[in-house]
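Quick notes on the structure that follows.
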Amino acid sequence: MDVDQFNRELLAFLAAASTPFHAVSALASRLQSAGFSPLRSDQAWSLEPGGRYYLTRNDSSIVAFTIGAEAAPERGMRMVGAHTDSPCLMVKPAPEKRRAGYFQLGVEVYGGALLNPWFDRDLSLAGRVSYADQAGALRTAMVDFRRPLAVIPSLAIHLDREANQSRSINPQTDILPVLALRAEPGTPSFRELLRDRLLVEHPDCGVREVLDYELCFYDTQPPALVGLHEEFIASARLDNLLSCFTGLQSLLAADGRQSCLLVCNDHEEVGSLSTSGAQGPLLLSTLRRLVPDEVTLAQLVANSLMISADNAHGIHPNYADKHDDNHGPLLNAGPVIKINANQRYATNAETAGLFRLLAKEEGVAVQSFVVRSDMGCGSTIGPITAGGTGIRTLDIGVPTFAMHSVRELAGRDDAAQLCRVLQRFYNHSGRLTPA
Ligand SMILES: [Zn+2]
């Protein structure tokens, strides 16, 4: 696929995937169109050689895998991991606030959000709702209002002359989105609004009563190519939907001879410990069902390799001293291998070596990132997956700016370049361990 076509599809995916639930739904429908069969954790599986399958957990994580024609424990499995969640503002359980004549919703900050960019944006709301149907049975459905229905206005500089020097943000009091003028008596509650929305999106859902929800505000500005020569991709949730999409495209393009797997976990931004997070049992329980015998499973694990794909920090021209000057990745100069001596990244010489070999064979330039020695380092699902499963892992990602902003920036070429390396990895017929 050429870069323009790849980016068109990436932008469409980013726009559709407003929450982890919507991301998983979009990934699942692409997998299904490509001939992958859905599996359910609560049912027996009958897997065929050459088969292509996927399963979801909590509607917010997904594992897709192929059983290669040449599958064998000593050949290992080629795995790519990413995460479906992004920092955002989530609606509280009893959210209605009426302050100074306005109707607002109380929000909780999900993950390490950069809060400043959330002001003065046209925000919409999306996520998952649980409800009772007419028979009283518990059901869930996704909703996405898909239009600007809230805004968090900035305080004017005239009312805070120090704003550019010292304004800080109190997440309890300063970032409540404004939805309307104060509701008149008889105006529906938030749950009643959700009930109406469910009926718009799912006319046959039979909702009697909304029970609960996980809803995120998101910026309605669509993803776009920007820059003098359109050299950048600007979008919400590039961390880490860009890697989910890139992993998916490389899996779909793999030749099917090797056993391959893609896992996209929820809850990375909050530590990964959940039924669907990378610290939960999703990956290992899937592998156990593929290879029930413990000894054979240990062989498979020992011979497998996971490429954990999550974005890297590009060196910022206005803040270049935040990087070690030998390790400042540039946008559009290729994927980045992320290294940390203190194991905040899972990369080691052996796993990084294989990635460099694959990239070289593919003609893709590789950069490296190590945090300044006087600064702390971020982390991702790589060390958690390696520690929880024993699978050798490396952490890589495309360079970006503004990580955890409501609008992040990546290079136009890097995701497509990474896709080529991941596809080569999925097709790699040699061993994944050194000779
Ligand atoms: Zn991330």
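The values are calculated or read from the model by the stated rules, or taken from the named source; none is laboratory data. Just so it is clear, the model here is predicted, and its values are computed rather than measured. Ideal geometry is used to build each Cβ from the backbone, glycine not excepted, and the neighbour counts take in all protein chains shown. Protein only, heavy atoms only, side chains kept; ligands, DNA and RNA dropped before computing areas. Shrake-Rupley method; radii C 1.70, N 1.55, O 1.52, S 1.80 Å.
Annotation: amide H-H contacts under 5 Å for Arg208 (H modelled 1.01 Å from N, sequence separation of 5 or more, or interchain): Ala132, Asp133, Gln134. With R₀ set to 56 Å, the beta-carbon distance separating Glu209 from Asn326 gives a calculated FRET efficiency near 0.40. Scoring 233-239, 340-346, 403-409 by mean Cβ neighbours within 10 Å over their residues and listing the highest first yields 233-239, 403-409, 340-346. Report the one residue of Asn240, Cys264, Cys216 whose Cα lies farthest in the direction of the positive end of the charge dipole of the range 145-267 (charges on C-beta: Lys and Arg +1, Asp and Glu -1; origin at the Cα centre). Most positive-ward Cα: Cys216. About its Cα centre, the chain has a charge dipole of approximately 360 debye under the convention of +1 per Lys or Arg Cβ and -1 per Asp or Glu Cβ, with nothing else charged.
Cα centroid separation, the range 350-374 to the range 51-130: 28 Å.
What relative contact order, as a whole-number percentage, does the range 217-320 give when Cα pairs under 8 Å and 6 or more residues apart are counted?
On the way: 60 pairs, mean separation 17.6, N = 104.
Rounded, it is 17 percent for the range 217-320.
Apply the membrane-span-like helix rule to the chain: whole DSSP H runs, Cα extent along the own long axis of at least 18 Å, mean Kyte-Doolittle hydropathy at least 0.0. List the helices found. Membrane-span-like by this criterion, though nothing is claimed about a membrane: 3-16, 20-33, 238-253.
Taking the range 325-355 and a reference point 7 angstrom along Cα→Cβ of Asp374, the backbone N atoms nearer than 17 Å belong to 325-327.
Pick out which of Arg128, Arg424, Arg208 has the largest mean-square fluctuation in a Gaussian network model of the chain, springs linking Cα atoms closer than 10 Å. Top of the fluctuation ranking is Arg208. With protein chains left intact and a 1.4 Å probe, residues in the range 122-199 average 58 Å² of accessible area per residue. Taking Lys97 as the anchor, which lysines have their alpha carbon closer than 19 Å to its alpha carbon, excluding any fewer than eight residues away along the same chain? Once the sequence-local lysines are set aside, nothing remains near Lys97. When the chain is treated as a Gaussian network with alpha carbon springs shorter than 10 Å, the biggest mean-square fluctuation among Gln134, Gln104, Gln279 belongs to Gln134. Distance between the 7 Å Cα→Cβ label points at Gln299 and Arg182: 7.3 nm.
Ligands, DNA and RNA aside, Phe401 has an accessible area near 40 Å² when probed at 1.4 Å.
I need the peptides 300-307, 118-125, 172-179 ranked by packing, meaning the mean over residues of other C-beta atoms within 10 angstrom, with the highest value on top. Write down the numbers at each step before the final one.
On the way: 300-307: 21.6, 118-125: 18.8, 172-179: 16.6.
Descending mean neighbour count gives 300-307, 118-125, 172-179.
Note on Asn116 and Ser429: the model spin-label points, each 7 Å out from Cα along the C-beta direction, lie 5.3 nm apart.
At a Cα cut-off below 27 Å, give the lysines reachable from Lys322, other chains included and same-chain residues fewer than 8 away excluded. Straight-line reach from Lys322, under 27 Å: Lys338.
Centroid-to-centroid, using Cα positions, the range 259-308 and the range 394-435 are 19 Å apart. Note on Val151/Glu192: beta-carbon distance plugged into 1/(1 + (r/R0)^6) with R0 of 22 Å gives a FRET efficiency of 0.50. Taken along the Cα-to-beta-carbon direction at a fixed 7 Å, the label points for Glu70 and Ala12 span 3.3 nm.
Taking 0.36 nm per intervening residue step and subtracting the Cα-Cα distance, what contour gain separates Gln134 from Asn318 on full extension? Don't jump to the answer; show the numbers that get you there.
Values: separation 184, 0.36 × 184 = 66.24 nm, distance 5.76 nm.
Working it through step by step, the gained length comes to 60.5 nm.
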